[in-house]
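The values are calculated or read from the model by the stated rules, or taken from the named source; none is laboratory data. Remember, it's a predicted structure, so these values are computed and weren't measured experimentally. Cβ sites come from the backbone with ideal geometry, for glycine too, and all protein chains shown count toward neighbours. When the accessible area is computed, the model is the full protein with side chains, heavy atoms only, and any ligands, DNA or RNA have been set aside. Shrake-Rupley method; radii C 1.70, N 1.55, O 1.52, S 1.80 Å.
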Amino acid sequence: MEISQYLSVFMDECQEHLLTLNQSLLELEHNPDSSGILDKIFRAAHTLKGASATMGFNKMADLTHAMEDVLSKLRAKEMSLTADMMNTLFEAVDLLEILTNKIGEGKEEDIEISGVVQELRHFVTADTAVVKVERRQKLQLRYLEAEKEQIAAAMDQGAKLYHVDVTLADDCLLKGARVFMVLREIEKKGTVIRSIPTVKELEDENFELRFIIGCVSAATAGEIHKAVYNISDVANVEVEEVPLDEIQLEKRVQDAADHDKTKISSNPTVRVEIRKLDDLMNLVAELVINRSRLESLGSTLRSKELNEVVEQVGRLTLDLRDSVLKARMVPVETVFSRFPRLVRDLSKELGKQIELEIFGGETELDRTVIDEIGDPLVHIIRNAIDHGIEGIEQRRATGKPEQGKITLNAYQEGNNVIITVTDDGRGFDPKRVREKALRLGLVSPEILSEMPDEQILDFTFLPGFSTADKVTDVSGRGVGMDVVKTKVDSLGGLVHIESELGEGSRIVIRLPLTLAIIQTLMVQLGKEIYAIPSSYIDQITSLNRTDIKRVRKQEVFMLRGEVIPLIRLQDVLEIPDAKNSYFDELDVVVLKVGERLIGCVVDGLLRQQDVVIKSLGGFLGAIKGIAGATILGDGRVALILDIRAVA
Amino acid sequence: MREKLQVREETKQLVVFKLGDEEFGVDILQVREIEKLDQPITRVPRAPEFVEGVINLRGEVIPIVDLRKRFGLVVRDISNQSRVIIVELNNNQVGMVVDAVVEVLRVNLSDIDPAPAITKGVDAYFLNGVAKQNDRLIVLLNLEKALSAEETKELSSMNMEAAE
């Protein structure tokens, strides 16, 4: 019991130091002579060493010890920082992250650290020749989650995953050509998933003599070996079959995404378990519900004294609620802070020059939202680096600065937080999106030709919709925009793309500040009461029956010169006793879903009310059209509409 | 060895309830509480047919399943004998409307037999077995199947597709 208590404190500390290490290493890379930054890195490594040794995590202690040795030599100016050293230090931090996660799972022993530790030691003993050899021996292919799925799918069809380790002869001429031959032989038998170095680097002859290719193929290891070995100038080939469960995932994307969930703001704080805050939030939610109950009692009893108390209690409840909500707010910085590293690594890997600018890191969001928003942002930024920003030559050719730029910005707007990711890359090509949409049969050519470009870009959010002209197996591909959309939707947010062909694109995500309490409009339909989230309501209007026109079978009406579809909510929600079909004067709630307006006819408008969202539970949680439930002042349950599913 | 085992024979406590004339039992460990149905049930559109709706149970929103509808029995109105048995299933609470709650009973595991194919119209698919108590037969419910059987699975997979 006590050990696990210490463990959680230890893990928290680790996360903080890792954050410092990552950030400071990035700073150091830009500013290699700053002794202040070195001191900071040294201190973090040193503290980690002490703490992990005390806790008995020997691997972590060994690793941090080796880092500390390198850093202290650097501080003493006994040696100077090299690019190799920088990379190894980054690798060490990555390993520390993995170790931290594994320690949490109680599996520190699973992680191999000797390679990196040796490299670090060699820097200290200045034996760089050996370092090179060591580096070569530990070439290790890592895959993205999506690639793993691709591999699994291929395996289902009877293929196997092979790592083909090729070394070319020392005196090999035209290395690029040999690589080409090797790739071609392998492509004949299967599909290349990933390689070290990347295919681009291989084609550019940007490697020494050895490279590893990860591929799926139905051929046997012997057949692949034979095919590759027969190419001239190939000195050595090793083909190894890798079982699916031994695939190493690219942790920079995957693990980082996981562990950020536990990351804590570095402001001076009291550590509180999230669970306790959640409990507190639930209690406040109960109080808010009972406040509404008191209010309805107060108005029934018409007692002046009671009303005064109710008013007081009401105000206190609201203040309390705000305070608890504030306590749950975390700056988006906690998510943003991992992107400099991501951008650095990816742009290096792809041979691009990219600068990342971050604004508004101090903007605060509810923890529940923060936890969820990291993954979508990773996808967007990867996409921008991978497909958005052009290669150096292409940028030069089109008269852009060689260095691409990605800007991450967050700011609050009313009850929403807006996060934008802007790049100055090639932008989306609406023409290509149109072609692709046609090819996939998503819309008819007539409808497509009438759709404005902005709307066209929304197709990009559909699963499997990638416009990358060549989907290389090695690069990150166009996966992910559908993931972004799904996730943002599930948070009750909105996402859209703005783009200028050749100039760049901007992806705008609008998120609610919190998920726990929302403002709603209560509407009556027959005997039932439903809550409509106010954030979707554009306006409320009333219509005369004669104002309703029909386009084909759809009821429509005119609003500000625009034709708007009219939906009878009772049809969508299968409410038997709704009365509005008999009314001459209709109450219409105009909803704004994305850029679309939709009118919903209801029997009556009741009141605006802040409601606490309650889940319907796993049993009914997935019902389409219902976002959750809330408890009314009289104790009854009212359902909250999921506008996107209704409209 | 064998004798000892028999002496310490394991028992199970059941909450016994009625649907029509028939007695059913659920393991008491799965039962959270038993409530009167004295509040309106809020209908949930697009819910499976046997789901009556949801109620507010001291701040929690709990789905209510009508077991008669679930088992395809003749549907009856709620009487003052009717009760809701709140059970916990895979960390979700669900309420089952039954005609009456009879008692809490301790039965020996050895008195529980596999369910016969049909017991008065309730498909053996929903049952875990039958407990014999003297001349009473108590039919044991398989909650997993009775409350989250195919219909709900289909439903959630449909929604998954819609979300994708």
**Asked** Can you find a residue in region B:29-50 that is touching a helix residue (DSSP H, G or I) at 6+ places or on another chain (Cβ under 6 Å), open to solvent by less than 60 Å² (accessible area, probe 1.4 Å), within 18 Å of B:G129 (Cβ to Cβ) and among the β-branched types (V, I, T)?
**Response** no
Residue in region A:510-526 that is crowded, with 20+ Cβ neighbours inside 10 Å, modelled with pLDDT of 85 or more and within 12 Å of chain B (Cβ to nearest Cβ) present:
yes
Over region A:593-625, the set of residues closer than 19 Å to A:R568 by Cβ, open to solvent by 10 Å² or more (accessible area, probe 1.4 Å) and either within 7 Å of chain B (Cβ to nearest Cβ) or under 32 Å from the mean Cα position of the chain (by Cα) (or both) is A:V593, A:R596, A:L597, A:K624
When region A:529-550 is checked residue by residue, the ones that are more than 26 Å from A:G635 (Cα to Cα), in contact (Cβ under 8 Å) with a residue 40 or more places away in the chain and surrounded by fewer than 18 Cβ atoms within 10 Å (Cβ to Cβ) are A:D538, A:Q539, A:I540, A:T541, A:S542, A:N544, A:R545
If we ask which residues in region B:80-100 are within 14 Å of chain A (Cβ to nearest Cβ), in a strand (DSSP E or B) and loosely packed, with under 15 Cβ neighbours inside 10 Å, their number turns out to be 1
Considering residues that are in a loop (DSSP other than H, G, I, E, B) and surrounded by 18 or more Cβ atoms within 10 Å (Cβ to Cβ), the number found within region A:208-228 is 1
Being more than 17 Å from A:D489 (Cα to Cα), open to solvent by 30 Å² or more (accessible area, probe 1.4 Å) and β-branched (V, I, T) narrows A:T368, A:T422 down to just A:T422
So, first residue within 19 Å of A:E595 (Cβ to Cβ) in region A:437-453, second residue surrounded by 10 or more Cβ atoms within 10 Å (Cβ to Cβ) and not hydrophobic (A, V, I, L, M, F, W, C), Cβ within less than 8 Å, six or more apart or across chains; the pairs are A:L448/A:R434; A:D453/A:P430
A:N409: passes all of (1) open to solvent by 40 Å² or more (accessible area, probe 1.4 Å); (2) in a helix (DSSP H, G or I); (3) modelled with pLDDT of 80 or more but (2)
Restricted to region A:375-399 and to residues being in a loop (DSSP other than H, G, I, E, B) and open to solvent by 40 Å² or more (accessible area, probe 1.4 Å), the residue nearest to A:G502 (Cα to Cα) is A:T398
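Take A:L161 and decide whether it is touching a residue at least 40 places away in the same chain (Cβ under 8 Å) and open to solvent by 20 Å² or more (accessible area, probe 1.4 Å).
Here the answer is no, as A:L161 does not meet what is asked.
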Within region A:631-647, the residues that are more than 8 Å from chain B (Cβ to nearest Cβ) and of a type in the set (V, I, T) are A:I640, A:I643, A:V646
Within region A:501-533, the residues that are within 24 Å of the chain's Cα centre (by Cα) and charged (D, E, K, R) are A:R506, A:R510
Q: Say whether the condition of being crowded, with 17+ Cβ neighbours inside 10 Å, over 30 Å from A:D577 (Cα atoms) and of a type in the set (V, I, T) is met by at least one residue in region B:51-72.
A: no
Checked B:D77, B:D113, B:D135 against criteria (without any contact (Cβ under 8 Å) to a residue 12 or more places away in the chain, loosely packed, with under 13 Cβ neighbours inside 10 Å and closer than 25 Å to B:E10 by Cα); the one match is B:D135
